[in-house]
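> Encoded as structure tokens, here's the structure I'll be asking about.
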Amino acid sequence: MKRPGEAAKTKRYKLRIPVSVGKLETVIDDPETDRRGLLLVAHPHPLHGGSLDNKVVTTLARAANEAGWVSVRPNFRGVGMSDGEFDAGVGETDDLLAVARFVEASYPGLPWALAGFSFGAFVQHRLRQELHAKRLILVAPAVTMYEFDPVPADTVVIYGDADELIPPAAIRLWAEQQQLAVKNIPGAGHFFHGKLKELKQAFLEACPC
């Protein structure tokens, strides 16, 4: 296992991976030695500034790298150098499945974990219905903006109790109805300003790293 602070030794690949609407810009950070799994991270809403460079997304990716996981961060369709247009989560789910199949061909036998932030959590909960993963981690899931289906019992929900976009009570209720594990970060808003260290710790506790 890599020690904290060693993520800088990862090898970075910048790809445009073929999907049904063209290609998706994707960044893969690979610790190269003692790989333990693959983490696919989905960013927040494409029409509201979400991208693979979102600080929550990069925090989760770096944490996974430090724990020996390869992180995979695509830009959803229409973002950056990704082709296509926003499709309300439906086409985005298909795209992420295509990305996962493309990537896993280079890393045979490694398990997946899925993490999504806000809108990205909605897409990942849909993807989990089609892609087996050791863990589904939903960060500030947009449960009041999208219709979420039931998720696997070992899903972990991370949220801030000062979330200004998705009411924390709604997130708690959704998770409690399914008896999911929750990690509440006191004082954290939707974008976890000033709380990235706490977010990283919560993620590492949730991830099968």
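The values are calculated or read from the model by the stated rules, or taken from the named source; none is laboratory data. Please read these numbers as outputs of a predicted model, since none were measured by experiment. We place every Cβ from the backbone using ideal geometry, glycine too, and count neighbours over all the protein chains shown. Surface areas here come from the heavy atoms of the whole protein model, side chains and all, with no ligands, DNA or RNA. Shrake-Rupley method; radii C 1.70, N 1.55, O 1.52, S 1.80 Å.
> DSSP loop (so not H, G, I, E, B), at most 15 other Cβ within 10 Å: list which trypsin sites (Lys or Arg not before Pro) in the range 1-95 pass both filters.
On the way: sites: 2, 9, 11, 12, 14, 16, 23, 35, 36, 55, 62, 77; in loops: 2, 35, 36, 77.
When the trypsin sites (Lys or Arg not before Pro) of the range 1-95 are filtered for loop state and at most 15 Cβ neighbours within 10 Å, 35 remain.
> Further question on the same structure: What are the ³J(HN,Hα) couplings of the range 87-102, residue after residue, when phi is run through the Karplus curve with 6.51, -1.76, 1.60 and θ = phi - 60°? Round to Hz, x for glycine and proline.
Once θ is set to phi - 60°, the couplings for the range 87-102 become 10, 6, x, 6, x, 5, 5, 4, 4, 5, 5, 5, 4, 4, 5, 5 Hz.
> How much of the accessible area of the range 51-153, probe 1.4 Å, is carbon plus sulfur, in whole percent? Intermediate values should be presented prior to the final figure.
On the way: 1770 of 3550 Å².
Answer for the range 51-153: carbon and sulfur cover 50 percent of the accessible area.
> What does DSSP give for the chain in terms of the percent of beta bridges that are antiparallel, rounded to the nearest 5? Don't skip to the end; give the middle numbers.
Working: 13 of 35 bridges.
Beta bridges within the chain, antiparallel portion: roughly 35 percent.
> Net charge within 13 Å of residue 21 by Cβ-Cβ distance, Lys/Arg positive one each and Asp/Glu negative one each, not counting residue 21 itself? Walk me through the intermediate numbers first.
Details: positive: 16, 23, 77; negative: 25, 83, 85, 87, 92, 94, 95.
Cβ neighbours under 13 Å give a net charge of -4.
> Here's a follow-up. Which ³J(HN,Hα) values, rounded to whole Hz and listed in residue order, are derived for the range 106-122 from phi using the Karplus coefficients 6.51, -1.76 and 1.60 in 6.51 cos²θ - 1.76 cosθ + 1.60 with θ = phi - 60°, glycine and proline given as x?
8, 9, x, x, 7, x, 9, 10, 10, 9, x, 10, 6, 4, x, 5, 4
> Let me ask something additional. For volume of the Cα convex hull per residue in Å³, the listed values are [x] 129; [y] 193; [z] 104; which was obtained by calculation from the structure presented?
The value computed from this structure is option [z].
> Looking only at 155, 33, 93, which one moves most when the chain is put into a Gaussian network model with springs between Cα atoms under 10 Å?
The residue that fluctuates most here is 33.
> Given the -39500 (n - 2.57) contribution per DSSP H run of 4+ residues, what per-residue ellipticity at 222 nm results for the chain, rounded to the nearest 500 deg cm²/dmol? Mind showing how you got there, number by number?
On the way: 5 runs with 57 residues, N = 209.
Rounded to the nearest 500, it is -8500 deg cm²/dmol.
> Could you tell me the number of lysine pairs in the chain with C-alpha atoms less than 17 Å from each other, where the two lysines are 8 or more residues apart or belong to different chains?
Summing the qualifying lysine pairs gives 9.
> How large is the accessible surface per residue of the chain, computed with a 1.4 Å probe and reported in Å² as a whole number? Please list the in-between numbers first.
On the way: 9080 Å² over 209 residues.
So the chain comes to 43 Å² accessible per residue, rounded to a whole number.
> After finding the eigenvalues of the alpha carbon gyration tensor for the range 68-172, what semi-axes result from the square roots of 5 times each, listed largest first in whole Å? Could the numbers behind the result be given before it?
Working: eigenvalues 108, 61, 29 Å².
After scaling each eigenvalue by five and taking roots: 23, 17, 12 Å.
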